[in-house]
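What follows is one structure encoded as structure tokens, with my remarks underneath.
The values are calculated or read from the model by the stated rules, or taken from the named source; none is laboratory data. Note that the structure is a prediction, hence the values are computed from the model and not measured. Every residue, glycine among them, receives a Cβ derived from its backbone with ideal geometry; neighbour counts consider all protein chains shown. To get the accessible areas, we keep the full protein, side chains included, count just its heavy atoms, and leave off ligands, DNA and RNA. Shrake-Rupley method; radii C 1.70, N 1.55, O 1.52, S 1.80 Å.
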Amino acid sequence: SLKKQKRRLLVILDELEKVFEQIERRAEGSSLGLPEEVVAALRSVIQSSSQVSFVLAGITDVVRRHLLTPKARLFNLALQVELAPLPRPAASELISGVIGDAYSVTPRAEALIMDETNCHPYLLQKVCHELFQYMTDAAEPIATEPDVGSVLDTKIVPDSQSFVHFVETVRRRPEDMMLVDALAFIQSGLKFVSVGDLQRQLVRSGQSSGLLEVKDHLDDLRDQAPSLLERASNNPRRYRIRVPLFARHRRLRQLTHHNLLLASRPSRV
């Protein structure tokens, strides 16, 4: 009927990774989730109708993991467009160029935002939004490095919703998140962490892992989430989380959990 009416239809499916996860739940025997026929029907429409176009949006690393399986979801018919970290000039324009005369941002404040977010588009947008609210509420004309630091510490780092997309990236197995948390706990800024130090941190957390096992797990996770985990180019035994703000968030969660456990213990008389 669309063809007869000389019309086209654009279908936009957001959070595609959640669709794939629901299909996997059904495939694993759960009574919940979506049957494989959902993807089969979607595939059929894409193949047979030139009047219907699709935009399938989701977390890049998660969607890639589902697309690059032996089942080859959607038969690789989709043209992948990846939203990569912004170049620093583009990030600078987002931080300072779109706020008009509301306030100005110092170069050091700009650099702090770019370093802490690694110019990740979503996180950068979130920080800019919170900074705008902070500066306009305070009616201050210049956003300085301490202003940015205050926004990061009070509005971003404690807020789990700011980092949902990163957590979804590594939530394939419980041990993946445990490894990321161990790395986050001992990583300082953008400094790389040795496999040996990471292995010792895992032991402190009650996880017994050998050095080779930890390194293999890191490499597997790096292949799974290249936007999140990086290996040093000059030392294959050193790794880091590429987004310092995410590392700070996960470290804060662990410290908060630890303090709550201590507070819940009965005091000795």
| query | Which of the helices (runs of 4 or more DSSP H) contained wholly in the range 85-143 include at least 3 residues that are open to solvent by 80 Å² or more (accessible area, probe 1.4 Å) and under 23 Å from residue 59 (Cβ atoms)? | reply | 121-138
| Pair list, Cβ under 7 Å, 6 or more apart: the range 223-241 residue more than 12 Å from residue 64 (Cα to Cα), other residue open to solvent by 50 Å² or more (accessible area, probe 1.4 Å) and among the hydrophobic types (A, V, I, L, M, F, W, C) | 232/192; 238/192; 239/192; 240/190; 240/192
| query | Is the range 11-34 home to any residue that is within 25 Å of residue 81 (Cβ to Cβ), among the acidic types (Asp, Glu), out of contact with any Phe, Trp or Tyr (no Cβ under 8 Å at 6 or more places or on another chain) and surrounded by fewer than 13 Cβ atoms within 10 Å (Cβ to Cβ)? | reply | yes
| Pick from the range 70-84 the residues that are at positive phi and either open to solvent by less than 80 Å² (accessible area, probe 1.4 Å) or assigned to a loop (DSSP other than H, G, I, E, B) (or both): which of them is modelled with the highest pLDDT? | 74
| task | Inspect all residues belonging to the range 146-161 and state whether any of them is open to solvent by 80 Å² or more (accessible area, probe 1.4 Å), of a type in the set (Lys, Arg) and in a helix (DSSP H, G or I). | result | yes
| note | For the range 117-168 the number of residues that are within 18 Å of the chain's Cα centre (by Cα) and hydroxyl-bearing (Ser, Thr, Tyr) is 4
| remark: Within the range 11-64, residues among the aliphatic types (A, V, I, L, M), over 21 Å from the mean Cα position of the chain (by Cα) and in a helix (DSSP H, G or I) come out as 23, 27, 38, 39, 40, 41, 42, 45, 46
| request: Might you let me know whether the range 169-177 holds any residue that is in contact with a strand residue (DSSP E or B) (Cβ under 9 Å, 6 or more places away or on another chain), of a type in the set (D, E, K, R), closer than 21 Å to residue 247 by Cβ and assigned to a loop (DSSP other than H, G, I, E, B)? | output: no
| remark: Per the filter on the range 99-124, residues closer than 30 Å to residue 169 by Cα and without any contact (Cβ under 8 Å) to a residue 24 or more places away in the chain are 110, 111
| said: Cβ contacts < 7 Å: first residue on the phi > 0 side of the Ramachandran plot, restricted to the range 1-22; second residue surrounded by 15 or more Cβ atoms within 10 Å (Cβ to Cβ), any location; separation 6+ or different chain. Result? | reply: 15/58
| said: If residue 6 meets every condition in (1) of a type outside the set (A, V, I, L, M); (2) over 24 Å from residue 169 (Cα atoms); (3) surrounded by 12 or more Cβ atoms within 10 Å (Cβ to Cβ) apart from one, which number is that one? | reply: (3)
| said: I need the full set of residues from the range 191-246 which are loosely packed, with under 13 Cβ neighbours inside 10 Å, not in a helix (DSSP H, G or I) and not small (Gly, Ala, Ser), in order please. | reply: 191, 234, 235, 236
